[in-house]
Amino acid sequence: MIREIVIYGDPVLRKKGKPVRETTEEIRRLAEDMIETMHDAHGVGLAAQQVGEAIQLTVLDVSDAENRPSRMWIEGEEVAIKEHMPLVLVNPELELSKETEAGPEGCLSFPEINAEISRAARVKVKALDLEGKSVAFEADGLLSRAVQHEVDHLNGILFIDRMSSATKVSLGSKLKKLAERE
Ligand SMILES: [Zn+2]
């Protein structure tokens with residue numbers, strides 16, 4: 001089922017997600033709906049807050065972003081990304097590389113807003129899957145950026161918090177309009 005995506009201005013986007021203690025049937029259904037909603041909106045990631053649930057659950061799929069490559073490693077071996085998408089991450093934790101990279105970023109909760117954001121170039125991810133099994137991988141490129149963006153959402157952090165102040169000022173009126181829309 002496709003769920004409505006929460007738009008900037010809704011306080012749920014600022015809530016830190018509660019850890020998922022047990023992957024119940026309800027959580028599995030929510031994850032399925034989030035994947036469907038993300039694909040429908042042509043996004044590469046969606047956090048639970050963006051469908052109104054402040055919990056530590058996010059989904060990602062970078063397999064169609066061919067012009068923005070990513071690499072993924074499991075236990076040090078590079079793997080074929082498409083075989084691991086869509087990804088469902090429960091209670092994810094990140095370890096960020098010191099090296100950073102600027103790149104264009106958008107967010108399904110901020111329609112028509114794009115900005116250059118600096119992020120760690122590479123990330124190590126530890127999480128659980130929907131069976132409660134541990135998932136661990138390393139990523140760079142778009143997948144690294146998308147995971148960091150989604151884990152920010154799970155902590156109530158939005159990409160506007162990561163923009164340079166000049167960029168944020170230049171987007172001021174657009175952001176105000178979004179926050180005030182009915
Ligand atoms: Zn977002």
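Read the figures in this text as sums done on the coordinates, not as results from a lab. Since we're looking at a predicted model, the values are computed, not measured. Ideal geometry is used to build each Cβ from the backbone, glycine not excepted, and the neighbour counts take in all protein chains shown.
The condition of being loosely packed, with under 14 Cβ neighbours inside 10 Å and hydrophobic (A, V, I, L, M, F, W, C) holds for only one of A127, A80, A48, that being A80. The strands (runs of 3 or more DSSP E) found wholly in the stretch 29-146 include none carrying at least 2 residues that are more than 18 Å from Y8 (Cα to Cα), in contact with a Cys (Cβ under 7 Å, 6 or more places away or on another chain) and within 16 Å of the ligand (Cβ to nearest atom). Flag set for K174, criterion: more than 29 Å from R29 (Cβ to Cβ) and either more than 16 Å from the ligand (Cβ to nearest atom) or not in a loop (DSSP other than H, G, I, E, B) (or both). Annotation: R21 fulfils all but one of (1) in a strand (DSSP E or B); (2) more than 16 Å from the chain's Cα centre (by Cα); the unmet one is (1). The number of residues in the stretch 34-69 being under 21 Å from K124 (Cα atoms) and over 15 Å from the mean Cα position of the chain (by Cα) comes to 2. For the stretch 147-165, the set of residues classified as in a helix (DSSP H, G or I) and either within 11 Å of the ligand (Cβ to nearest atom) or surrounded by fewer than 21 Cβ atoms within 10 Å (Cβ to Cβ) (or both) consists of Q148, H149, E150, V151, D152, H153, L154, F159, I160, D161, R162, S165, listed by residue number.
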